[in-house]
Structures are given as C-alpha cells and as structure tokens.
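What follows is calculated from the coordinates using simple rules that are stated; it is not laboratory data. This is a predicted model, so every value here is computed, not measured. Positions of Cβ are generated from backbone atoms using ideal geometry, with glycine treated the same way; all protein chains shown enter the neighbour counts.
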Amino acid sequence: MSNDDRRTTAQLVGKIILTFCRLYLGGWMVVSGTSYWRTVLGMGPIFPQPFGTLHASNELLVTMVHTHFFHIVKTLEILGGLSLVLGLFVPIGLLVLLPVSFVVWYNAIILNHRFDKMFTPYMGVGCLYINLVLLVWYIRYYLPMMTFKTTIGRISDWKKLSKIFKPDAADLV
C-alpha cells in the first residue's frame, strides 16, 4: 500500500468517525430535547429527565424548569441537533450546542462531584468532548470570525446571504 493510499484510507476513516460523532451528538440532542417537550405536552418522556443526585445539581435543574429556561435549552437542543443530523448549518449548530454541552458536563461532573467519571463514555461528559472535537474539525468556518480588529458592516452585505444555500465545492468531494 502506498503512502497516498494510506493517507486516503486514513482520511476516509477520519471522515467516517467524525460523521458518526456529528450524527451521534445531533441524535442525542434531538432525543433529549424531544423527551422534555413530550412531558411538557402531557405525554410520557422518551427517558426521564435526571434532576441531579446532589443539592446544587438538583437546584440548578429544578430552577431551569420552574423559570421555563429549560424550554429554551431543550428547543436549542432540538434545533442544534437537527442541524447536525441533517448536515445543515453544522458550524452554527455546533456553536448553539456548545453552551448546552458545557452545562450538561458541568452538572454531571462539578455539581454532582463525579470527578471519577470525567473520562468515562457516557453522554453527560461525552456531549461536550464530541462537541469540542467537531468544533476543531470545522475550524475553517470559524477562522473568518477571528478578525482582531473589525469594522461594522454595510447594508449591502445582506446580499451575501444568497450564497448560504450554494454548496461549497470542497464539501462535495
């Protein structure tokens, strides 16, 4: 096997793994958000919403439910998850899901004092790690935003929105 063949095989395997991660994270977020909304709509959940084993965790989650902030979080889970599952607006979907993933991780590890589970394969921690890995792999879409000194845009910049639905030729390969 030549070096080019190995490189091509490694790229294909990497793409398969990252696609699996994108679909897994997106699917998990869609199911989590849908499960919550099912209970709000008077149906049974897909799985029960955990409310933390320790007081701080329970207090955070119960407060989010009572203030209806969970409505926003779970809606963002569904929208961001659909973005990842459908492969549409993935970079924005990952950014939308980043704070959700961080709070899930923070609740699972910090508020529940489960430091021993920091690197175990369950989605309480995995959602953040998968999200971060995918953010790194989609970095080319974030680099244009990393302009140190910026200027305000113009009304004519809105014309660039028409390019949103034109696929990037590099993504078609």
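Explain nothing, just compute: Karplus ³J(HN,Hα) = 6.51 cos²θ - 1.76 cosθ + 1.60, θ = phi - 60°, for every residue of the stretch 91-105 in order, whole Hz, x for Gly and Pro.
x, 6, x, 5, 5, 4, 7, 4, x, 5, 4, 5, 5, 4, 5
Measuring from label point to label point, each 7 Å out along Cα→Cβ, what is the THR147 to LEU60 span in nm?
3.6
With viscosity set to 1.306 mPa s at 10 °C, what whole-number translational diffusion coefficient in µm²/s follows for the stretch 3-172 from Stokes-Einstein and a Kirkwood radius over Cα pairs? Before the final figure, lay out each step's value.
Details: Rh = 18.2 Å.
Estimated diffusion coefficient is 87 µm²/s.
Counting every Cα pair in the stretch 76-153, what percent are over 18 Å apart?
Working: 1466 of 3003 pairs.
The share of Cα pairs beyond 18 Å in the stretch 76-153 comes to 49 percent.
Residue by residue, what Karplus-based ³J(HN,Hα) values in Hz, rounded to whole numbers, does the stretch 27-44 have, using 6.51, -1.76 and 1.60 with θ = phi - 60° and x for Gly and Pro?
Residue by residue, the stretch 27-44 yields x, 4, 5, 4, 5, 4, x, 5, 4, 5, 5, 4, 5, 4, 8, x, 9, x Hz.
Any idea what angle helix 69-86 forms with the longest principal axis of the chain, computed on alpha-carbon atoms, 0 to 90 degrees, nearest 10?
It is inclined by approximately 30 degrees.
At 0.36 nm per residue, minus the direct Cα-Cα distance, what do LYS117 and SER2 gain on full extension? Give it in nm, one decimal, please. Working shown, then result.
Working: separation 115, 0.36 × 115 = 41.40 nm, distance 4.13 nm.
That pair, LYS117 and SER2, stretches by 37.3 nm at full extension.
Just from its helices, what would the mean residue ellipticity at 222 nm be for the chain, if runs of 4 or more DSSP H residues each count -39500 (n - 2.57) and the sum is divided by every residue, rounded to the nearest 500 deg cm²/dmol? Please report the intermediate quantities before stating the final value.
On the way: 6 runs with 104 residues, N = 173.
After summing the helix terms and dividing by residue count, I get -20000 deg cm²/dmol.
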